[in-house]
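Working notes, structure below.
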């Protein structure tokens with residue numbers, strides 16, 4: 001879906017702008033340290049985009065965990081605190097020579113989704129799953145920004161729906 005239309009909600013720029021207003025939101029971010037250069041890039045892009053969307057710096061909590069498999073348990077603790085309107089998962093899994101890639105990718109993704117569904121809380125999943133480091137670098141900044149937008153938009157949408 002590269003170059004997919006990620007813009008206006010049903011062609012309505014006003015609705016898009018309203019849903020991307022983060023001024024009232026509290027956002028939690030869990031960043032995996034494995035592949036730290038890449039996950040640091042994801043985090044910087046996410047934090048910059050959250051700031052651009054109006055989320056106050058004091059309303060953002062960033063924690064780090066060893067790797068992608070540990071991301072869901074930290075997300076779960078944040079979700080259970082009821083302190084957050086949205087969460088963001090950041091990580092990078094690069095395919096190796098063993099089945100471990102599939103295990104980590106599948107289990108971390110399933111865990112992130114489960115947290116969102118179990119807690120009715122938006123969780124933007126920016127855990128990259130790539131074939132090689134070049135693919136990760138090509139995606140890191142954009143995916144970090146996308147995660148911030150998804151978190152803010154979904155938090156505001158869920159607020160509208162409840």
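The values are calculated or read from the model by the stated rules, or taken from the named source; none is laboratory data. Predicted model only: the values in this text are computed from it and were never measured. So basically every Cβ, Gly included, is an ideal-geometry build from the backbone, and we count neighbours across all protein chains shown.
Across segment 66-84, what is the total count of residues that are surrounded by 14 or more Cβ atoms within 10 Å (Cβ to Cβ) and out of contact with any strand residue (DSSP E or B) (no Cβ under 6 Å at 6 or more places or on another chain)?
Going through segment 66-84, the residues surrounded by 14 or more Cβ atoms within 10 Å (Cβ to Cβ) turn out to be 67-72, 74-76, 78-79, 84.
Filter once more, keeping what is out of contact with any strand residue (DSSP E or B) (no Cβ under 6 Å at 6 or more places or on another chain): 69-70, 72, 76, 79.
Qualifying residue count for the region: 5.
Only one of these conditions is not met by residue 93: (1) under 13 Å from the mean Cα position of the chain (by Cα); (2) more than 14 Å from residue 147 (Cβ to Cβ); (3) buried (at least 18 other Cβ atoms within 10 Å of the Cβ). Which number is it? Failed condition: (1).
Does segment 142-151 include one or more residues that are out of contact with any helix residue (DSSP H, G or I) (no Cβ under 9 Å at 6 or more places or on another chain) and under 19 Å from residue 20 (Cα atoms)? Within segment 142-151, one or more residues are out of contact with any helix residue (DSSP H, G or I) (no Cβ under 9 Å at 6 or more places or on another chain) and under 19 Å from residue 20 (Cα atoms). Out of (1) crowded, with 20+ Cβ neighbours inside 10 Å; (2) under 20 Å from residue 33 (Cα atoms); (3) free of Cβ contacts under 8 Å to residues at least 60 places away in the same chain, what's the single condition that is false for residue 45? Single failed check for residue 45: (3).
Residue-level check: of (1) crowded, with 17+ Cβ neighbours inside 10 Å; (2) at pLDDT below 95, residue 112 misses just (2). Which residues, taken from segment 22-39, are surrounded by 17 or more Cβ atoms within 10 Å (Cβ to Cβ) and outside any loop (DSSP other than H, G, I, E, B)? Scanning segment 22-39 gives 27, 28, 29, 30, 31, 32, 38, 39. Being surrounded by fewer than 18 Cβ atoms within 10 Å (Cβ to Cβ), on the phi > 0 side of the Ramachandran plot and either at pLDDT 95 or above or over 12 Å from the mean Cα position of the chain (by Cα) (or both) is true of residue 54.
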